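Inspection log for the structure reproduced underneath, given as structure tokens.
The values are calculated or read from the model by the stated rules, or taken from the named source; none is laboratory data. Keep in mind that what you see is a predicted model, and the values were worked out from it rather than measured. Backbone-built Cβ (ideal geometry, glycine too); neighbour counts: all protein chains shown. Side chains are part of the model used for accessible areas, which takes the heavy atoms of the whole protein and leaves out ligands, DNA and RNA. Shrake-Rupley method; radii C 1.70, N 1.55, O 1.52, S 1.80 Å.
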Amino acid sequence: MIARLRTEHAPTLLVATLAAAFGVALLQVTGYLGSAMRADDVTGSSATAALMLAIVAWVFIVIAVYVSGVVTANTVATVVAGRTRQIALLRLLGSTARAQRGAIAREGLAVGAVGAALGLVVGTLVAIGLAEWAAVADVLPRVDHVWADPAVLPPVIVAVLTTWLAAWAGSRRVLAVRPSEALGNAAARSQEELTARRGRTATAATLAAFGTLLLLIGVALGLVTPLGVLVGLVGGVLSFTGIVLGAHAVMPPILRVVGRALGTSPPARLAAENAVRHPERSSRMTIGLVIGVTLVTMFAVAMESYRDLLLAATEDRPDLRVGIEQTVSATVAVFGILIGFSGLIAAVGLVNTLSLSVLQRTRELGLLRALGFERRQLRAMVLAESAALTAAATVTGIVLGTFYGWAGAQAMLGSVQGIPLVVAPSIPWGVIAVLVVAAGVLTLIASLAPSRRATTVSPVAALAIE
Amino acid sequence: MEIQPSDLGLVARVAGLGKRYGTGAGAVAALENVSLGLRRGEFTAIMGPSGSGKSTLMHIMAGLDSPTAGRVWLGDTDITHLPDGALTVLRRRRVGFVFQAFNLVPTLDVLGNVMLPFELDGRRPSGEERAVVDALVERLGLGERLRHRPHELSGGQQQRVAIARALATRPDLVFADEPTGNLDSRTGREVLAILADASRAHGQSIAMVTHDPIAASHADRIVFLADGRIVRDTQRTSAEEIATYMLSMERAA
Ligand SMILES: Nc1ncnc2c1ncn2[C@@H]1O[C@H](COP(=O)(O)OP(=O)(O)O)[C@@H](O)[C@H]1O
Ligand SMILES: [Mg+2]
């Protein structure tokens with residue numbers, strides 16, 4: 001039991017550590033840059049620059065924390081789904097749903113606290129390492145800096161609270177577990193749950209429709225004023241929230257199409273079924289990655305469009321163009337890495353949830369082995385499932401990101417030349433290529449542990465009555 | 001030239017079978033020196049007290065587990081040391097299973113579960129096979145339920161789906177381990193009658209573990225296990241006689 005809890009919480013611990021470490025490292029680095037600027041303050045503007053840096057840093061921290069929250073909530077939901085029988089048994093014996101949910105939230109708080117503390121240490125060490133590297137490589141002069149800075153604590157606290165909150169949110173299903181599920185089939189969903197799901201779909205659809213409308217209004221406004229981007233931003237956040245909320249309805253059709261592309265071999269067909277037949281499970285596994293890929297693509301598309309616009313405007317000034325190319329490339333690279341970190345957290349989430357869900361399907365895998373599925377076919381099935389999930393998430397993210405990136409660029413830049421201008425979306429092929437390769441690598445990594453696990457399942461042990 | 005099991009009219013056979021769990025002082029001998037041949041087209045009931053080795057015997061005969069002593073044949077193939085891949089394919093083509101519970105893949109609907117053996121074999125059923133499946137589904141009363149998922153079915157319906165699946169590819173041999181263990185006795189007997197019927201219609205062999213003397217009284221042959229050994233092997237007999245023997249075994253234990 002203890003060992004099982006530990007493996008179940010390892011993913012959440014890792015995510016909390018990553019999010020906190022990212023925030024701490026970012027703030028430590030900006031703090032260090034602040035020290036460097038103060039040491040070399042000729043213009044007297046170092047305070048403003050430091051503030052700007054801090055704001056930018058916080059934008060990325062918020063994104064990373066948000067993604068980590070979504071990932072953790074989904075991991076916890078996966079754990080709860082796997083523990084249904086056990087929860088139902090305790091309910092049967094008289095424990096209240098509230099008490100059980102409270103226990104899971106407390107586990108989340110404890111895991112979050114440990115992870116955040118680890119993150120504080122790791123993040124600070126990474127920042128010190130970077131400062132050391134900058135000094136050795138002669139990028140920055142060596143400056144005095146106090147690393148023990150209370151200003152880096154907020155992301156640590158935020159990481160703890162987010163994990164706690166996410167565990168609470170992710171354990172919502174505990175309330176829906178009926179005591180009778182200890183005796184019967186755990187896959188059954190109650191009427192209330194189906195009603196709740198319908199309500200959720202309706203809310204998601206409303207948000208998405210209203211948000212998209214607002215986004216288009218923002219784009220239209222953007223033809224006359226750059227402030228259109230603010231309206232568009234609100235619309236973008238709302239519509240994307242709708243998509244995240246309605247993932248159980250959005251992802252299965254995409255997974256179905258992707259699944260068909262996997263081929264018609266038995267492992268591929270079963271994998272496609274698996275990915276589609278359990279909409280909650282597959283949306284839990286993919287949505288984090290969709291968010292990560294959308295953000296990276298959106299940003300890259302917006303920057304690429306901006307760059308193409310600038311290049312078009314400076315056609316007769318080759319001297320300027322080199323500078324523009326360099327600045328934009330550097331910005332894309334730095335910001336891409338910073339947002340990419342959220343993508344990494346999302347990837348960790350996918351690896352974990354896929355592992356957990358395979359672990360929870362031991363019986364099913366044993367049954368398949370008994371009925372004549374070979375080991376290599378099981379391995380192929382897990383790989384295909386991993387590929388379907390990753391590919392669906394990546395493609396969705398790229399499509400959404402391209403749309404949002406273009407909308408952002410259009411709303412912001414549509415009026416810069418004084419006359420309304422339609423900005424063509426520019427596709428950053430380099431970034432897309434990196435995403436596709438990363439998705440391929442992720443597919444393999446995510447399927448590694450579960451496929452090893454799947455092939456060691458003995459049909460006899462899996463079918464034993466507990 | 002060695003005599004093949006099929007020459008003796010057998011579809012499966014074990015000789016001098018032994019199975020131990022663990023080593024040293026804590027070792028458990030689940031089976032000891034068991035020799036048994038299952039005859040073609042025969043319905044064999046396996047009975048015995050809990051822990052007597054019924055499941056273990058069934059798993060080994062079906063190629064789901066390997067013995068620690070003795071030899072095992074499935075058809076004419078000696079599967080004792082067969083590599084996993086070949087064994088899996090053999091199982092897929094020649095053997096059907098009905099377990100006590102967890103028989104169905106939860107993500108697949110009834111039809112998906114029944115067609116699973118074809119799916120796993122990577123082929124579509126021929127027209128004739130499709131007709132067999134349709135007839136089975138009708139006979140088992142599952143016609144209205146083909147698009148339902150397992151959790152929408154009662155225990156008896158789930159077991160009927162498992163039976164349809166076990167018989168769908170018309171395997172030589174069907175193993176059923178307490179297929180009615182989770183059902184009330186009336187539903188249980190219904191399920192058994194269907195199993196026995198369906199298999200007799202196609203001359204398939206069935207080996208079934210059961211606790212129910214009435215169910216066993218429908219079998220052509222009854223094998224009693226106690227402490228990992230075969231203690232009695234009899235032709236069809238009455239439910240009363242079976243019940244009396246079972247009682248005497250439990251008393252002796
Ligand atoms: N995986 C295992 N590890 C250790 N002992 C086992 C294992 N499986 C079965 N046994 C033991 O083997 C004996 C026979 O078990 P089993 O074949 O399941 O009996 P039955 O099905 O007749 O109730 C029992 O004593 C049981 O405890
Ligand atoms: Mg048993």
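Only residues that are facing chain A (nearest Cβ under 9 Å) and not in a helix (DSSP H, G or I): list them for segment B:54-95, please.
B:Ala62, B:Leu64, B:Asp65, B:Val95
Assigned to a helix (DSSP H, G or I), surrounded by fewer than 23 Cβ atoms within 10 Å (Cβ to Cβ), touching a residue at least 12 places away in the same chain (Cβ under 8 Å) and among the acidic types (Asp, Glu), is that true of A:Asp319?
Here the answer is no, as A:Asp319 does not meet what is asked.
Yes or no: B:Thr180 within 16 Å of ligand 2 (Cβ to nearest atom) and free of Cβ contacts under 8 Å to residues at least 40 places away in the same chain?
Yes, satisfied.
How many residues are open to solvent by 40 Å² or more (accessible area, probe 1.4 Å) and in a helix (DSSP H, G or I) when one looks only at segment B:158-195?
So the count comes out to 7.
If a residue has to be more than 16 Å from A:Glu374 (Cα to Cα), more than 16 Å from ligand 1 (Cβ to nearest atom) and in contact (Cβ under 8 Å) with a residue 60 or more places away in the chain to count, how many in segment A:445-462 make the cut? Before you say what the answer is, go through the steps one by one.
Going residue by residue through segment A:445-462, those that are more than 16 Å from A:Glu374 (Cα to Cα) are A:445-449, A:461.
So of that shortlist, the ones also more than 16 Å from ligand 1 (Cβ to nearest atom) come out as A:445-449.
Still in the running and in contact (Cβ under 8 Å) with a residue 60 or more places away in the chain: A:445-447, A:449.
Matching residues across segment A:445-462 total 4.
So which residues in segment B:117-152 are assigned to a loop (DSSP other than H, G, I, E, B), within 14 Å of chain A (Cβ to nearest Cβ) and buried (at least 16 other Cβ atoms within 10 Å of the Cβ)?
B:Asp121, B:Pro125, B:Arg149
So, of the residues in segment A:259-290 that are surrounded by fewer than 24 Cβ atoms within 10 Å (Cβ to Cβ) and of a type in the set (A, V, I, L, M), which turns out to be farthest from the other protein chains (Cβ to nearest Cβ)?
A:Ala261
Quickly run through segment B:26-53 and pick out the residues that are under 23 Å from B:Leu195 (Cα atoms), assigned to a strand (DSSP E or B) and within 13 Å of ligand 2 (Cβ to nearest atom).
Hits for segment B:26-53 are B:Ile46, B:Met47.
Take the residues of segment A:137-182 that are free of Cβ contacts under 8 Å to residues at least 12 places away in the same chain and of a type in the set (Gly, Ala, Ser): which is nearest to A:Asp40 (Cα to Cα)?
A:Ala137
Scanning for something within 11 Å of another protein chain (Cβ to nearest Cβ) and open to solvent by 10 Å² or more (accessible area, probe 1.4 Å), does segment A:379-396 turn up at least one residue?
So far as segment A:379-396 goes, no, none of its residues is within 11 Å of another protein chain (Cβ to nearest Cβ) and open to solvent by 10 Å² or more (accessible area, probe 1.4 Å).
Scan segment B:96-116 residue by residue and report those that are over 16 Å from the mean Cα position of the chain (by Cα) and facing chain A (nearest Cβ under 7 Å).
Correct list: B:Val105, B:Pro106, B:Thr107, B:Leu108, B:Leu116.
Kindly check whether there is at least one residue in segment B:87-98 that is closer than 14 Å to B:Arg160 by Cα, hydrophobic (A, V, I, L, M, F, W, C) and crowded, with 19+ Cβ neighbours inside 10 Å.
Yes, segment B:87-98 contains at least one residue that is closer than 14 Å to B:Arg160 by Cα, hydrophobic (A, V, I, L, M, F, W, C) and crowded, with 19+ Cβ neighbours inside 10 Å.
With respect to the numbered conditions (1) in contact with a Lys or Arg (Cβ under 9 Å, 6 or more places away or on another chain); (2) within 16 Å of ligand 2 (Cβ to nearest atom); (3) among the polar types (S, T, N, Q), which one is the sole condition not fulfilled by B:Thr88?
(2)
Among the listed residues B:Thr68, B:Thr23, B:Thr77, B:Thr56, which satisfies the condition of being over 21 Å from B:Pro117 (Cα atoms), more than 14 Å from ligand 2 (Cβ to nearest atom), in contact (Cβ under 8 Å) with a residue 12 or more places away in the chain and β-branched (Val, Ile, Thr)?
After applying the criteria, what remains is B:Thr68.
How many residues are of a type in the set (Ser, Thr, Tyr), within 7 Å of ligand 1 (Cβ to nearest atom) and more than 14 Å from chain A (Cβ to nearest Cβ) if we restrict to segment B:27-53?
1
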